[in-house]
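Worksheet for the structure shown next.
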Amino acid sequence: MGNTKKIITLLLALALCMGLCACGQSGKYKTVKTLQSQGYYLGFRNDDQLAFYVTAALKVLQADGTVGTLSQKWFGENKVKFDSDAAALDDVGYIAPRTLIVGVDENAFPISSADNGVYSGFDVELAQAVCAKLGWETQFISIQPQNAYVELSSGNVDVAWGGMTLDPKSTQYASFGPYMENDVVVAALSASKGGLSGKTLYMDSSSQSMSILDSDAKLKEKFGQITRRTGGAAELFASLDAGECDLILTNSTAVQYKNTH
């Protein structure tokens with residue numbers, strides 16, 4: 001009888017252990033190496049009244065749950081935070097209709113991305129929600145984060161918003177945030193084994209990604225081959241799935257999205 005109890009206890013413990021292991025699985029993809037932590041910001045021209053309207057609308061959308069709903073949709077959790085104020089637009093008065101030109105980084109999936117000129121992502125939908133709240137139209141164009149000042153000062157865009165890793169200390173533009181944290185990572189299939197040495201790495205063609213990789217010469221030397229690809233994150237993950245490469249350079253938010261959708 002005593003042995004029977006011991007066996008039952010052992011089986012229960014084993015079942016519990018297996019359950020915990022299953023709960024700890026991260027999904028189809030895993031992070032092999034974290035290269036850099038960064039925050040996402042909105043960028044406006046200095047002293048532009050536009051910033052007041054946009055940030056006030058964001059406070060309202062935070063208060064009414066829209067921000068949380070979009071965050072759950074794209075990331076599976078509430079990982080985005082703006083100040084909350086349901087009355088932020090109550091005393092604004094008349095808001096003239098206009099089209100808000102939003103500059104986005106199309107390589108920042110799932111924050112923002114583009115497919116044949118069609119833009120999607122968390123920031124894209126949030127910008128549309130802001131414009132709906134203000135009675136504005138929305139237009140998106142692709143820009144590089146490092147060119148935010150040029151794009152803003154030239155009037156090409158009204159706001160740099162969509163995976164924008166801006167410098168909060170810059171005096172060239174007014175930054176708002178960070179509203180979300182993110183890591184630049186090297187990712188692999190969860191079933192893969194081994195580290196980085198000798199592995200093939202695919203990455204997007206942006207100068208920002210290349211700059212991040214170039215900042216760690218020792219890490220860069222470990223890879224057997226590095227290939228820059230067009231097509232954004234979707235192409236990178238597809239190549240990883242197809243076995244065309246061992247690793248991809250992406251961001252932690254993209255890995256999280258892929259593991260929860």
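Tabulated data for the structure shown
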{"item": "Whole-angstrom Cα spans of the chain along principal axes, big to small", "result": "81, 49, 34"}
{"item": "Burial order of peptide ranges 235-243, 192-200 (average beta-carbon count within 10 Å, highest first)", "result": "235-243, 192-200"}
{"item": "Which listed pairs, of Lys28/Lys220; Lys169/Lys193; Lys79/Lys199; Lys33/Lys79; Lys73/Lys169, have C-alpha distances above 29 Å, in listed order", "result": "Lys169/Lys193; Lys79/Lys199; Lys73/Lys169"}
{"item": "Solvent-free Debye scattering, log10 I(q)/I(0), computed from the Cα coordinates of segment 44-83 at q = 0.18 Å⁻¹", "result": "-0.54"}
{"item": "Probe 1.4 Å, accessible area per residue of the chain, Å²", "result": "51 Å²"}
{"item": "Antiparallel bridges, percent of DSSP beta bridges restricted to the chain (to nearest 5)", "result": "60 percent"}
{"item": "Förster-model FRET efficiency, 45 Å R0, Ala191 and Thr69, C-beta, rounded to 0.05", "result": "0.85"}
{"item": "Accessible area of segment 167-261 belonging to carbon and sulfur atoms, whole % at 1.4 Å probe", "result": "47 percent"}
{"item": "Between helix 2-24 and the chain: long-axis angle, C-alpha atoms, 0 to 90°, nearest 10", "result": "30 degrees"}
{"item": "Compactness relative to 2.2 N^0.38 Å, alpha carbon Rg of segment 117-242", "result": "1.27"}
{"item": "Reachable aspartates and glutamates, given that their alpha-carbon falls under 20 Å from the alpha-carbon of Lys133 and they are not under 8 places away in the same chain", "result": "Asp48, Asp64, Asp83, Asp85, Asp90, Asp91, Asp123, Glu125, Asp158"}
{"item": "Cα-based shape type of segment 112-164, given that a ≥ b ≥ c are square roots of the gyration tensor eigenvalues and the cut on a/c is 1.5", "result": "oblate"}
{"item": "Mean Cβ neighbour count within 10 Å, used as a protection proxy, ranking 137-149, 75-87 highest first", "result": "137-149, 75-87"}
{"item": "Full-stretch length increase - Tyr94, Ser120 - with 0.36 nm per residue and alpha-carbon distance subtracted", "result": "6.4 nm"}
{"item": "Rounded tilt (10° steps) of 232-241 against the dominant C-alpha axis of the chain", "result": "10 degrees"}
{"item": "Gln225 versus Ala87: modelled label distance in nm, points set 7 Å from Cα along the beta carbon direction", "result": "6.4 nm"}
{"item": "Pairwise label distance in nanometres, Asp47 with Asn259, each label 7 Å out on the Cα-Cβ vector", "result": "4.7 nm"}
{"item": "Amide H contacts of Met180 (H built 1.01 Å from N, under 5 Å, at least 5 apart or other chain)", "result": "Tyr40"}
{"item": "Degrees, to the nearest 10: 66-75 long Cα axis against longest axis of the chain", "result": "40 degrees"}
{"item": "DSSP-defined antiparallel bridges as percent of all bridges, segment 121-261, nearest 5", "result": "35 percent"}
{"item": "Peptides 247-253, 43-49, 218-224 ordered by average Cβ neighbours within 10 Å, highest first", "result": "247-253, 43-49, 218-224"}
{"item": "Summed residue charge, Cβ within 13 Å of Asp158's Cβ, Lys/Arg positive, Asp/Glu negative", "result": "-1"}
{"item": "Accessible surface of segment 30-108 [probe 1.4 Å, protein heavy atoms]: carbon and sulfur percent", "result": "44 percent"}
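The values are calculated or read from the model by the stated rules, or taken from the named source; none is laboratory data. Small disclaimer: the values here were computed from a predicted structure and weren't measured. In this analysis, Cβ positions are derived from the backbone assuming ideal geometry, glycine residues included, and neighbour counts consider all displayed protein chains. For accessibility, only protein heavy atoms count, side chains too; no ligands or nucleic acids. Shrake-Rupley method; radii C 1.70, N 1.55, O 1.52, S 1.80 Å.
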